[in-house]
Structures are given as structure tokens and as C-alpha cells.
Amino acid sequence: MADTNRTIASTETAACGSCTRCSTGPLTRLGVHIGSWDFVIALAGNPNTGKSTLFNALTGLRQHVGNWPGKTVARAEGGLTFNEKRYKLIDLPGTYSLLSASADEEVARDFLLFGRPDVTIVVTDATCLERNLGLVLQVLEITDRVVIALNLMDEARRRGIEVDARSLSRDLGVPVVPTAARRGAGIRELLSAVEEVALGAYPARRRHLRYTDRALETAVRSLIAQIEALFPGLPNAEWVALRLLEGDESILRAVQDGTLGKLAQGGAPAGAAPLEAN
Amino acid sequence: MAEVNTQRLLETAERLRAEIGTELHDRLSEAIYADAARIAERAVVRAGEERRLSWDILLDRLLTSRAFGFPIMLLLLTATFWITIAGANVPSALLGQLTQVTLYGWLHQAANAVNAPWWLSGLLIDGVYLAMAWVFSVMLPPMAIFFPLFTLLEDFGYLPRVAFNLDRLFKRAGAHGKQSLTMMMGWGCNAAGVVSTRIIDSPRERLIAILTNNFSICNGRWPTLILMGTIFIGATAPPALASFYAAASVVTVAVLGIVFTLLVSAFLSRTWLRGEASHFSLELPPYRPPRILQTLYTSLIDRTLIVLKRAMIMAAPAGAVIWLISNVTIGGTSVAGHLVALLNPIGLLIGLNGVILLAYIVAIPANEIIIPTILMLTLNLARSSLAQQGVMLEMEDGQIYEVLTRHGGWTLLTAVNLMLFSLLHNPCSTTLLTIWQETRSRRWTAVAALLPLTIGFGATLLTATIARLMGWA
């Protein structure tokens, strides 16, 4: 059934056999039998970018994949082992933004913020990168432990679109890996990048927003100072400051009821946050 | 201490918010998208000017055109069901023969050989086994053809085009355009359809989508429609056209489901759930060449077998219940006999019968077991009434039509109204539970159950009355 344990030999695709980089350490897909884990990976992305396909390719699960946006509304979980590290993978609902206008956006945002995944893979559609980058930038405001999967590269190429992954990686400050999840291409490269970020070996550069508005910048700075004094160790004070300035209800609540405080103290280990998305 | 500081932080934030102005949210969004545009500009190189393949655009113009959009949709649906019905006929008959005659006989012989008491072999073989065998032979062949076909359409990217076509109508009904997507999700499973309404932002429109999802024919109901269409509607046509008639009748019920979805949505949005329709942008994904082998594999393993498994699990206890109520007697008549006699007046009034209504009560946990329940109850009741006349009724060779017309007294009206009632009745208990979980409201859950049931009684009463007035039944 769906929980088959399969060890994939390094000769999975023809290209993989000759590639020295990926022949290290086999990928074992654990299906839903995760057991304990070393790292938690969240899978975010716009709807219909192949997130579920990638999720299935990584976990060996066969979550139903449909060619239409909005198919995954709840959170799906699966596991895998790569280079002897165990990863728990969480497939978040596909969203265009993290502004938490609807239930699915809130599920995604709350998990990134309070679930504190070790690594977040943002799956992007290489055929319409610009629109996908909106979400990428919003995720990067919350965390810099991010790997971008530049998915649907095969489709992009067919349409004569080339995406320069290195330029993108330079601009975003996080690894960018071209993939074609439908064919299983780029999966190992993606996992290598995930591993690097999870182990803290990737020198991520935090992106900072550029403020054109002097008054806004001053306001944000003064709030950041207060937030950092109040919640030392909070990884995304700037993001919280901006939400407070916007009057974001759920963040105001998190400040009031101490959820944010717990987050700052290291809080619950990643993935074990008592967050129910059904 | 910490609380005082938290309070101060919130106060500072509020003061600064007032200084900066309220349009900050929009300004930040704009800044993000400007940034995204800048980064994309640097990273993306286009070989040609056109963003999408030209045949993609051509196909979209055709599939979503005002003139051809709906006819093509009907054509594709009819073709899907025609292939399903034409292809499932022979395997269904073979499986019926194998499971209900051959295997059934062997099981009874084996039971006799070990001197099993009559009530034990009755409960297990005539109850549990037979119910599972019916589910298996009635559901497996059509599902094994229908699911892969439907999944291929889905994989290709056709469904969002259907959503696009329906969007206008949903807007006019005062509902959210995304409801067309949740409706199609319901064509697989209503419980999944209800969960998928989370993509709708506005609580009002989401509730409309939840309450009307039941009008999407689900996995459990397709087999009922396909069977009724095949053996009753198809039988009225010349043999060459039988499968086409059958397919057309199934599509008619499915389309009727869309009509009811729209009508009830319009009703709700003008009465209890009044409000503005909100806007959204629907993304038409590129057409992707369906991966035929993978689709066959996943839709067979994941969808067909999972749905079949659920149906079999539900059928086993239902089979035991059916056998028990058919064999436990009170005052010389079985419990089933009493219940059917009680329900018969209402059932016959609306062009159905007591057996069908009793089956819908037994089958509240799963629509999948409606047909097996009806068949077993009909057979059991016929057996006991014939047994009183001293006649033993032998199991017919899987001739469902014979069983229903000769022993159940069915007419074309019964079949048509069963198809209508299959569309218009309460959701299964799994879906109701899901609705309660999503709405946390007993009132709306009750509405979700009673609204379609009321419509169902009304609609079948109407057709039955018309048929009687016209002298058709």
C-alpha cells in the first residue's frame, strides 16, 4: 500500500548513475513511518507548482496529485532518510502569499512561524517565476533557513524560458536547485542543499527589506529594539514588527498570550509544536 | 513584569500604526512584488516573446469559449461514461457469476461439510460474504475504468477549464468562483470536497460551498447511477444505442447536480447567507501531457482500491445487519418485512419503495452499499414470502434486472427516481462528521443533512405524480 519502504539505488535514473555528487548516501523513502527524526522540512509554494509531486518523490507516498490549484488544503506528513539523517517532511497548502487572508494561508504561515521547521523548501514554478517570488520573499522574511526548488524546469525549457539559478541564489541569499519533480530530476541535489542548510553549513545571508519611507524605517527600528529586548532570540523580529504595525490580529494575539515569548525561548522543538491543522 | 512590557510594546505599535497610516499592508505588498519583479528580471531569460505555447492558447479559447465550453464538457463527460458503461458490462456479469454463484456455492458446500449451524453460515455467507461480493462485482469494473479516465482528464489540466466555464454561473448565484473547484473535488468524495472548501476565504461563501457539496455525485454514488442507467435506461434504447443512453442518463444526473448546486447556492445567498460575492483569480495551469501508465497505476491502486476497500469494510457489517433483520421474525414476519411494510406507503408515494428507503437507512455510513443492500433485501423478502407458499427461491444467475422487476416490482419510474434520490439525499455519515468538524455548528450540519433530503422527497414526489398523471406508471 502507500507506506512501502523503498530504498532507491543510486542508479534510479540514467543520469544519476554517472553522477559522482549524488552517489553518496542512498535516499530511503519512509512513507508515513517516520519514527523519530533529526530535522523537519516544510514544503511551501504557490498552488499548482508540483509541491505534492515533489512531496511524493521525496517520501515515496502517493498523495493524490491533481493538475489544479488548491488541491492540498490540509497538512500532509511523510518521512525520508538521506545520508543517514532522518527528515520529517510536511507538505503545506499551496498559497500565493502569507498574508493569512484564508484558512489555508494561515495554516502555512502559522507552521512556518510557530512550527519552526529546520528547513523550508519553497517550490517555485520556473515558467512563471516572478509571481512565485512574492511568496519566496515573504517566507524569507520569516526564516532564512530556506532552499528554493526551481521546479518545472523541463516545462520552462520547452517554452524557451531559461532561469539562471545562480543569479537567483545570489539575489535571495539561499540555495536554489533546479528540479523536474515529475521525472524525479534534481531530487538528490535538492536534498544535498537541504542537508547543508539543516546542518547550518550554508552561509545564508539574511535579506533585509529596503525602506523608502524614513518614518516607517524609524518606526520599525524602534519596534525591533523593543521586541528584541522583550523576546531575546526571536529569529524574525523585523517581520513581527511589521505585522504589529499592520495590526495583524493573529500576531497581536501571539504577543498577548505569550506564544511569541515561548517561540523566543527556543520553544517546542521543530515540528512538535502543538499546531493542529487537521 | 513581562506582561507590563508586552502591554507597552502593543501600545507603542498602536501609536506608530496611527502615525504611519493604514495603507501599510498594501505598501508592503507592493514593495514585495516590485522586489520580485526586479529579481525575476535578472534571473529569467526568454528565448521567444510568447509566454505560452500557441496551441495551449488555442485549446483554451476552444475549451472555455462561450459557444463550445459547455457542449465540449457534456461531450467529454458522456464519452467518459460511455466507455465506462460499455466496458464494464461483461466483466461485471462475469464477476457476478463468479462471486455470487460459483464461490457462493462452494462456501455453502464447505459450511455443510463442517456441519456449521444454519444461523452461522447464514450470517457469514448469506449476510457478510454476499454483501461484500455484490459490492465487489457491482463497483470494481466501472470504477477501474472510470477513475483512470477521469484522472487522465484531471492530469491533462481540463478541470480548471471547467471551473473557468462555471465561474460565471457561480458568480451569478452569489457564490464564490472557487466553489466550482470544491464541487469537482466532491465528484470524488464529498468529505474531501467539504475539506477543500478551506480555499474559500469568506466564511459566508465557504458555508454555501459546504452545504451544496453533497450535490456533487461522489465515488459511492457513481456505481448506483451507472447500474441504474445501464439496466433500466439503456434497456429502453435500441441495443446499438443502449450504452449511449445509459451514459447520457448518468451525465444528466451529474449535470442536474450542478444545477441544484447553483440553485441552492443562489437560494442560500439570497436568504440565510446574504452578502457580496468576492473576486478571485483562477489560474489556468498549462496543459500537461498525461502520464498514462502512472495515471493508470495510481488511479487503480490509490483511488479504485481505496474506495473499494472502504466499500467492502462498510458492506461487511451491513450484510450482517441485513441478514439479521431478514431472519429475526416478530409475529411470523421478519423485522425487515415489518420495516419495509412501514416505509412502503411513503416509498411508493414518491415512486420508490420501502426496500429502497430502508436501504438508505442501513447505508447511512456509506453510499457504496446502496445497491447491494437493495438487492439483498429484495431477494430475502421474496424468498421468505415464497417460502411461505412452499416455494424455494434459488439465487438467480446474477440477473439484477430480473430480481428487481420480478421480485421487487420495479418499473422505469423506480429506477429514474432512485437515480434522483441518489443525487438528492443526506450526505453519508463521514461527510456529515466532516461538515461538523469544519463548521463546528450543529445547526449547519443539520441543514446540510435535511436540505438535500427535503429536496429529494420533493423532486421524487413530483416525478412520481407526473408519471402517474400521465399514466406512465
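The values are calculated or read from the model by the stated rules, or taken from the named source; none is laboratory data. Keep in mind it's a predicted model, so treat the numbers as computed, not measured. Positions of Cβ are backbone-derived with ideal geometry, glycine not excepted, and every protein chain shown enters the neighbour counts.
Among the residues of segment B:284-315, those identified as among the polar types (S, T, N, Q) and surrounded by 19 or more Cβ atoms within 10 Å (Cβ to Cβ) are B:Thr295, B:Thr298, B:Ser299, B:Thr304.
Scanning segment A:151-172 for residues that are part of a strand (DSSP E or B), facing chain B (nearest Cβ under 9 Å) and not β-branched (Val, Ile, Thr) yields a single hit, A:Glu162. The condition of being surrounded by fewer than 18 Cβ atoms within 10 Å (Cβ to Cβ), farther than 30 Å from A:Gly247 by Cα and not β-branched (Val, Ile, Thr) holds for only one of A:Arg170, A:Arg207, A:Arg214, A:Arg188, that being A:Arg170. What do you reckon, is A:Arg62 farther than 24 Å from B:Cys189 by Cα and either assigned to a strand (DSSP E or B) or modelled with pLDDT under 80 (or both)? It is false that A:Arg62 is farther than 24 Å from B:Cys189 by Cα and either assigned to a strand (DSSP E or B) or modelled with pLDDT under 80 (or both). Filtering B:Asn115, B:Asn165 for residues that are assigned by TED's automatic domain parsing to the domain that holds B:Arg270, at positive phi and not small (Gly, Ala, Ser) leaves a single hit, B:Asn115.
Being out of contact with any strand residue (DSSP E or B) (no Cβ under 6 Å at 6 or more places or on another chain), facing another protein chain (nearest Cβ under 9 Å) and at pLDDT 55 or above is the requirement here; does A:Glu84 meet it? Criteria not met by A:Glu84. Within segment B:180-192, being over 18 Å from B:Tyr158 (Cα atoms), crowded, with 24+ Cβ neighbours inside 10 Å and at pLDDT 80 or above holds for one residue alone: B:Asn190.
Among the residues of this structure, B:Ala31 does not count as one that is within 14 Å of chain A (Cβ to nearest Cβ), closer than 30 Å to A:Arg166 by Cβ and modelled with pLDDT of 85 or more.
For B:Asp56, indicate whether it is under 30 Å from A:Gln256 (Cβ atoms), part of a helix (DSSP H, G or I) and modelled with pLDDT under 80. Here the answer is no, as B:Asp56 does not meet what is asked. A search for C-beta distances below 7 Å between a residue of segment B:168-187 that is within 12 Å of chain A (Cβ to nearest Cβ) and any residue that is surrounded by fewer than 24 Cβ atoms within 10 Å (Cβ to Cβ) and among the charged types (D, E, K, R), counting only pairs 6+ apart in sequence or on different chains, returns B:Gly177/B:Asp167; B:Gly177/B:Lys171; B:Ser180/B:Asp167. Every test in (1) of a type outside the set (Gly, Ala, Ser); (2) surrounded by 18 or more Cβ atoms within 10 Å (Cβ to Cβ); (3) modelled with pLDDT under 85 is passed by B:Leu95 save one, and that test is (3). For segment A:174-196, a residue qualifies if it is assigned to a loop (DSSP other than H, G, I, E, B) and over 18 Å from A:Asn56 (Cβ atoms), and the qualifying residues are A:Val174, A:Pro175. The residues of segment B:193-217 that are of a type in the set (S, T, N, Q), buried (at least 24 other Cβ atoms within 10 Å of the Cβ) and away from chain A (no Cβ under 12 Å), listed by number, are B:Thr212, B:Asn213, B:Asn214. Of all residues assigned to segment B:315-330, none qualifies as being at pLDDT below 85, within 30 Å of B:Ala175 (Cβ to Cβ) and within 22 Å of the chain's Cα centre (by Cα).
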